[in-house]
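*Asks:* Sharing a structure, written as structure tokens. Questions coming.
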Amino acid sequence: MIWFLRLVGIFFLSFGLLISTQGEAIEEGEWVSPSKMEPLARALYLSYAPKSFRLPVGTEVLEDKRLGEAVISHATSETSPFSLKLETSGFKHYQILKEEYTLESNENSVLIKFRYTLKPKSDPVSKTLFLFFGKSDLNFIKNQKQDVVIPPNKK
């Protein structure tokens, strides 16, 4: 009986340490798209602000629904080279989601470099959910944006 209590104690101790040391999840990579630079930049921005007819100038505030929750995003863009940065807050269990895109034009294609950063809130429930679902949420966002910048029939 004592071995069972020791084993359960070690399990809860290691699980507690694993939860308490959760920091942030980062996903980085790059895509190559056969599209032109400006239509690609517009399509990427329109995936966040569907009613916008122009790219953001400076910093703009967007209200959106992301991962099933109503959130507020701050979009910042630069022109040379084109980059789009979004900081989203207002999630129930995540403190902030940062998305960064940099578009570089090549001869016949556009290289898109992306970086996603997701930070959990500091309470134990949020950190537990982040432990199990943090990377999968980033992969979900990555797959959505990959379908926007590279149409499924051209992969």
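*Asks:* Determine whether segment 135-150 contains at least one residue that is open to solvent by less than 40 Å² (accessible area, probe 1.4 Å), modelled with pLDDT of 85 or more and either assigned to a strand (DSSP E or B) or farther than 24 Å from ILE19 by Cα (or both).
*Replies:* Among the residues of segment 135-150, at least one is open to solvent by less than 40 Å² (accessible area, probe 1.4 Å), modelled with pLDDT of 85 or more and either assigned to a strand (DSSP E or B) or farther than 24 Å from ILE19 by Cα (or both), which makes the answer yes.
*Asks:* Out of segment 97-132, which residues are of a type in the set (Val, Ile, Thr) and under 15 Å from MET37 (Cα atoms)?
*Replies:* Matches in segment 97-132: THR102, VAL110, ILE112.
One line per residue, one yes/no per condition, for (1) open to solvent by 80 Å² or more (accessible area, probe 1.4 Å); (2) in contact with an Asp or Glu (Cβ under 9 Å, 6 or more places away or on another chain):
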residue: LEU17; (1), (2): yes, no
residue: SER20; (1), (2): no, no
residue: GLY58; (1), (2): no, no
residue: ILE72; (1), (2): no, yes
residue: ALA75; (1), (2): no, yes
residue: LEU84; (1), (2): no, yes
residue: TYR101; (1), (2): no, no
residue: LEU111; (1), (2): no, yes
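*Asks:* Please specify each residue of segment 11-38 satisfying the condition of being over 29 Å from LYS119 (Cβ atoms) and part of a helix (DSSP H, G or I).
*Replies:* Of everything in segment 11-38, those that are over 29 Å from LYS119 (Cβ atoms) and part of a helix (DSSP H, G or I) turn out to be MET37, GLU38.
*Asks:* Given the conditions (1) touching a residue at least 40 places away in the same chain (Cβ under 8 Å); (2) among the hydroxyl-bearing types (Ser, Thr, Tyr); (3) out of contact with any helix residue (DSSP H, G or I) (no Cβ under 8 Å at 6 or more places or on another chain), and given that THR76 satisfies all but one, which numbered condition is not satisfied?
*Replies:* Tallying (1) touching a residue at least 40 places away in the same chain (Cβ under 8 Å); (2) among the hydroxyl-bearing types (Ser, Thr, Tyr); (3) out of contact with any helix residue (DSSP H, G or I) (no Cβ under 8 Å at 6 or more places or on another chain), THR76 fails exactly one: (1).
The values are calculated or read from the model by the stated rules, or taken from the named source; none is laboratory data. Just so we're clear, the structure is a prediction, and the values are computed from it rather than from any experiment. Here the Cβ is made from the backbone with ideal geometry for all residues, glycine too, and neighbour counts use every protein chain on show. Calculation scope for accessible area: heavy atoms of the full protein, side chains included, ligands and nucleic acids excluded. Shrake-Rupley method; radii C 1.70, N 1.55, O 1.52, S 1.80 Å.
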